[in-house]
């Protein structure tokens, strides 16, 4: 059963998928090993126990997750703030970023380490977005207001069946409106 080569990041990504699909109660050792096609021995190669794993799951979200779309966007389009913001939000929207935000916030309601991770995530996201809007020439308050709108959209859990046009189309429209010249 145990394929080799699973990294801590593989375990975290599997946990994030389970968290999105079923909430924190779905994140179980058996579900993780089944998803990755490995034995429990592989799990214990990386983590001392399940509590350590949950701490790692939360920490990754709080320390790296918010930066990933910006780093990837910067690698693709460089430092032009308009192109960077457009690309970073496209990357965020193309993946499960919004769904992970909603799932992490639900977990954060009942777990202090998840709550701390959400706060760190929000700080990093806010800092990146503020920086881009300021680079676009907006005054401090206007930049921070735009950041707040985009962050709010990233946290919203909306039934896709109720949306026409869809969330993605609305997201792009709002993002582009927020970048209109002053």
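Readers should treat all values here as calculations from the given coordinates under stated rules, not as data from a laboratory. If you're wondering where the values come from, they're calculated on a predicted model, not measured in any experiment. Ideal geometry is used to build each Cβ from the backbone, glycine not excepted, and the neighbour counts take in all protein chains shown.
Placing a pseudo-label 7 Å from each Cα along the Cα-to-Cβ vector at residue 169 and residue 94 gives an inter-label distance of 2.1 nm.
Relative contact order for the chain: what is it in percent, counting Cα pairs under 8 Å that are at least 6 residues apart? The normalised contact order for the chain reaches 20 percent. Among 83, 108, 66, the residue with the largest mean-square fluctuation in a Gaussian network model of the chain, with springs joining Cα atoms closer than 10 Å, is 83. Any idea how far the Cα center of region 16-86 sits from the one of region 135-149, in Å? A separation of 29 Å, based on Cα centres. Please give the residues of region 70-87, grouped as numeric ranges, whose backbone N is less than 18 Å from a label point set 7 Å along the Cα-to-Cβ vector of residue 177. Taking a point 7 Å out along Cα→Cβ of residue 177, the residues of region 70-87 whose backbone N falls under 18 Å are 86. Only helices enter this figure: runs of n ≥ 4 DSSP H residues, each worth -39500 (n - 2.57), summed and divided by the residues of the chain, yield -22500 deg cm²/dmol at 222 nm to the nearest 500.
If R0 is 41 Å, the Cβ-Cβ spacing of residue 31 and residue 149 corresponds to a FRET efficiency of close to 0.70.
Here the calculated FRET efficiency for residue 52 and residue 110, from their Cβ-Cβ distance with R0 = 22 Å, stands at 0.75, rounded to the nearest 0.05. Once both labels are positioned 7 Å from their Cα atoms along Cα-to-Cβ, the gap between residue 135 and residue 75 label points is 1.7 nm. In the set (i) 17.9, 59; (ii) 16.4, 48; (iii) 17.3, 52, the label that goes with Rg and Dmax of the Cα atoms in Å computed for this structure is (i).
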